[in-house]
1. Find the eigenvalues of the gyration tensor of the Cα atoms of the range 204-328, then list the square roots of 5 times those eigenvalues as equivalent ellipsoid semi-axes, largest first, in whole angstrom.
2. Normalised radius of gyration for the chain, please: alpha carbon Rg relative to 2.2 N^0.38 Å, two decimal places.
3. Go through the range 17-25 residue by residue and turn each phi into a ³J(HN,Hα) via Karplus (6.51, -1.76, 1.60, θ = phi - 60°); whole Hz please, and just put x for glycine and proline.
4. Who wins for biggest fluctuation among I171, I212, I116 in a Gaussian network model of the chain, springs between alpha carbons below 10 Å?
5. In terms of modelled amide H atoms, which long-range or inter-chain residues lie less than 5 Å from the amide H of I7?
6. Output ³J(HN,Hα) for the range 187-196: one whole-Hz value per residue in order, computed from phi by the Karplus curve 6.51 cos²θ - 1.76 cosθ + 1.60 with θ = phi - 60°, and x for Gly and Pro.
7. Under a cut-off of 29 Å between alpha-carbon atoms, report the lysines in cross-link reach of K177, not counting same-chain residues fewer than 8 places apart.
8. What translational diffusion coefficient, to the nearest whole µm²/s, does the range 307-375 have by Stokes-Einstein, given a Kirkwood radius computed over alpha-carbon pairs, a temperature of 25 °C and 0.890 mPa s viscosity?
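Just so you know, all these numbers are worked out from the coordinates, no wet-lab data involved. Since the model is a prediction, treat every value here as computed from it, not as a measurement.
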Amino acid sequence: MGTQENIVFLEGALLGSHDVWKASGHVDNFNDPMVDCLKCKHRYRTDEIDLEKSCPHCGNKDWTQPRQFNMMFQTQLGASSDNSSVAYLRPETAQAIFVNFKNVISTTRVKMPFGIAQIGKAFRNEITPKQFLFRMREFEQMEIEWFCKADDALAYFEAWCQARKEFYQSIGINTDKIRLRQHATDELAHYSTACVDVEYQFPFGWKELEGIAHRGNFDLTQHSKHSGKDLAIYDEETKQSYIPTVVECSVGVDRLFLTLLFDAYYEDVVDNETRIVLRLSPTIAPIKAAFLPLTKKQIEPMHKIYSSFKKQGLSVQFDESGSIGKRYRRQDEIGTPVCFTYDFDSETDNCVTVRNRDTTTQERISIDSLDAYLQNLLSK
Ligand code: ATP
């Protein structure tokens with residue numbers, strides 16, 4: 001079942017009116033339960049703490065009653081400050097897709113089934129932001145809403161689960177540390193028939209990296225009702241209108257970035273020295289190759305080769321400073337898969353030394369074959 005084609009992109013607003021977030025259910029339900037320690041005033045999410053035990057911060061056991069805390073950041077639009085001007089910073093990118101659904105189908109040539117994708121900031125007033133990029137109050141999300149007919153939705157849901165697994169594999173994440181956890185029935189939202197968390201085994205446990213959800217037609221139905229605009233589409237085959245069903249994939253970009261760092265970070269010993277190496281897949285490594293002249297004498301010819309790759313748009317670095325060993329370590333730390341070194345022999349044999357980040361092995365290859373060498377490396 002094809003899912004990757006037929007996707008259009010959108011950049012929606014960061015601020016949404018009270019009515020939009022009321023319709024989506026966020027005003028009433030986007031809550032985390034919290035408690036405070038009455039002695040030291042530390043605040044916790046109730047699902048992250050055992051209330052039968054003492055406060056991990058001060059050791060006392062004197063809790064407030066658990067209460068619901070809405071995680072949206074509220075603000076006012078315009079000069080008046082009555083209820084009608086209340087707005088919220090978006091806690092997810094998805095709703096901008098639903099409220100623009102009709103704009104998209106009337107301005108692009110999409111045909112069912114199709115997807116609308118968005119990447120951008122989301123804001124949540126997290127009770128306990130922590131673990132570096134894992135939980136923040138301001139973060140980047142990427143979401144796809146896949147619109148299809150109700151009868152096909154379960155098959156698409158499964159196709160998306162498979163496609164997302166393949167995505168993580170394609171960017172080199174160790175698949176032994178990825179698992180798909182099916183939500184139990186009591187975890188599901190009332191409108192949802194299936195939901196899976198893609199989890200990664202972080203050093204602090206298995207945690208959600210992405211959510212994949214069969215959302216029924218809840219969102220479009222709600223926005224239709226609250227806005228008075230009909231968001232149904234007309235089916236030429238059956239000559240009937242219907243509200244599409246949605247399968248959603250939702251990932252935190254920062255959380256994915258953190259995952260890549262944990263997954264690729266290694267310390268090993270090379271030449272009796274501990275080195276830090278990021279074993280990033282060449283497809284995801286920020287710098288694909290580094291070009292190193294052995295001495296000042298080789299700067300000019302090596303810079304020429306480097307420039308030719310830079311001009312092709314490849315993300316490459318030129319580094320002439322420090323010993324060659326130091327330069328290799330620098331590239332290891334940022335995950336550059338290969339370094340090319342131009343030395344005294346290069347002028348006569350038209351070759352450079354390629355040094356592999358992971359194995360640290362070196363081989364000599366012709367300068368004329370560098371293009372093919374890099375293409376091969378990046379296609380893996
Ligand atoms: P969690 O249970 O970790 O709070 P969630 O179930 O509330 O996450 P979703 O609403 O499904 O998360 O959001 C989709 C994705 O957005 C998550 O899988 C995660 O990658 C990312 N995400 C959510 N909240 C945050 C945050 N505070 N900081 C960074 N990324 C986040």
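1. The three semi-axes for the range 204-328 are 53, 22, 10 Å.
2. So the Cα radius of gyration is 1.24 times the expected 2.2 N^0.38 Å.
3. 5, 3, 4, 5, 7, 6, 4, 6, x
4. Of I171, I212, I116, the most mobile in the Gaussian network model is I171.
5. Hits under the 5 Å cutoff: G115.
6. Result, ordered by residue: 8, 6, 5, 4, 8, 9, 9, 7, 8, 10 Hz.
7. Partners found: K121, K130, K165, K207, K288, K380.
8. 191
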